[in-house]
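The values are calculated or read from the model by the stated rules, or taken from the named source; none is laboratory data. Owing to the predicted nature of the structure, the values given are computational and were not obtained by experimental measurement. All Cβ positions, glycine included, derive from the backbone under ideal geometry; neighbour counts span all protein chains shown. Keep in mind that these areas ignore ligands, DNA and RNA; they rest on the heavy atoms of the full protein, side chains included. Shrake-Rupley method; radii C 1.70, N 1.55, O 1.52, S 1.80 Å.
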Amino acid sequence: MEQRLRIEDLHIGYRTGGNTHTVIPNLSFEVESGTLISIIGRNGSGKTTLLQSIAQLLAVLQGKIYWNDTDLKPLSTQAKAKLISYVGQIPNIPPHLKLQDLLALSRNPYTNWLGNLEQSDRSQIQNVADRLDLIPWLDRPLVELSAGQKQRCLIAAALVQDTPILLLDEPSAFLDLDHKASIFKLLQEIAHKHNKIVMLSTHDLNPALQISDKILLLDRGQGTFGSVQELVRQKIFENIFHQKWVGFDPDLMQFSICV
Ligand code: ADP
């Protein structure tokens with residue numbers, strides 16, 4: 001059965017003290033399972049705010065987020081953790097935490113209150129570690145790994161959580177070109193082969209245009225949503241950056257810096 005994430009007339013932002021700072025008013029779009037969607041936009045355009053709002057880590061100001069016909073807001077924390085996994089920017093990692101501990105913790109929505117793993121939890125962990133070539137790292141403290149390896153480990157934790165929706169905030173930040181390519185390829189495979197919704201934010205615009213099924217462009221409080229081809233036809237990309245030395249070539253489908 002086809003499943004979908006539906007964002008309906010969402011207003012996102014921050015309430016601090018008595019003040020409300022609306023980052024984006026009136027955002028609506030819909031994504032089906034098996035889709036990779038990239039959120040792009042300049043610094044401060046609202047990418048993290050949106051991902052955290054969908055992940056239910058930040059209260060929305062107004063509007064609804066539905067998984068199929070279910071409103072996410074009233075669901076229990078455990079029910080939400082079975083639907084959505086969130087990979088933020090690489091966090092500070094406790095010095096002794098090993099990959100296998102992180103993956104065991106990620107089975108939390110399915111274990112009893114003591115966190116005891118069943119055989120099915122263990123095989124889920126082994127399968128994901130195997131799929132992501134992480135078996136040799138299972139017994140290593142995460143702090144000893146490179147940024148690229150840590151990013152793979154965090155993605156592995158999200159996969160072990162086994163949710164239909166994966167949200168990732170700048171998963172390619174701080175990675176060299178080789179590792180960026182490998183992370184993007186992995187995320188595309190997760191969306192297409194495993195029929196998940198993978199929603200990521202990124203400043204790596206050219207790879208994002210290459211790998212994404214859908215793009216959400218955030219710009220000055222507005223969201224423009226569509227396939228890459230639709231947004232190219234609407235000449236949306238030409239106007240994201242205001243400096244004359246950042247250009248977009250619609251034939252090559254590439255941004256470039258003209259110096
Ligand atoms: P992006 O991820 O696209 O760089 P953010 O979602 O981090 O953008 O920020 C969007 C806007 O929200 C910015 O104007 C930022 O200053 C503001 N903002 C971010 N975090 C907070 C916060 N905790 N309280 C108030 N405003 C915030």
Requested in this report: Once you have the Cα-Cα distance between Ser227 and Arg131, take 0.36 nm times their residue separation minus that, and quote the gain in nm to one decimal.
Outcome: 31.7 nm
Query raised in the report: For the pair Ala147 and Gln62, how long in nm is the line joining their label points, each one 7 Å along Cα→Cβ?
Result: 3.9 nm
Query - 0 to 90° range, to nearest 10: angle between helix 119-131 axis and the chain longest Cα axis - result: 50 degrees
Query raised in the report: Are any of the pairs Lys73/Lys98; Lys185/Lys235; Lys80/Lys150 more than 31 Å apart by Cα-Cα distance, and if so, which?
Result: Lys73/Lys98
Report summary line: Expressed in nanometres to one decimal, the distance between label points 7 Å along Cα→Cβ at Asn43 and Lys235 is 3.0 nm
Query - Cβ-Cβ FRET estimate between Asn116 and Glu32, R0 fixed at 22 Å, reported to 0.05 - result: 0.05
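Over the stretch 49-116, what relative contact order in percent results from Cα pairs under 8 Å that are six or more residues apart?
Details: 23 pairs, mean separation 14.7, N = 68.
Computed value for the stretch 49-116: 22 percent relative contact order.
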Query raised in the report: Out of Gln119, Gln161, Gln229, any idea which swings most in a Gaussian network model of the chain, alpha carbons joined below 10 Å?
Result: Gln119
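Ignoring any ligand, DNA or RNA, what whole percent of the accessible area of the chain comes from carbon and sulfur when the probe is 1.4 angstrom?
49 percent
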Query raised in the report: For the Cα atoms of the chain, what angle does the longest principal axis make with the long axis of helix 147-161, in degrees from 0 to 90, nearest 10?
Result: 70 degrees
Report task. Using a 1.4 angstrom probe, figure out how much accessible area the stretch 1-159 has per residue, in square angstrom, rounded to the nearest whole. Result -> 51 Å²
Report summary line: Taking alpha-carbon centroids only, the stretch 90-134 lies from the stretch 189-215 a number of Å equal to 25 Å
Requested in this report: Kindly write out, for the stretch 37-50 in residue order, the coupling ³J(HN,Hα) from the Karplus curve 6.51 cos²θ - 1.76 cosθ + 1.60 (θ = phi - 60°), rounded to whole Hz, with x marking Gly and Pro.
Outcome: 10, 9, 9, 10, x, 5, 3, x, 7, x, 5, 5, 4, 5
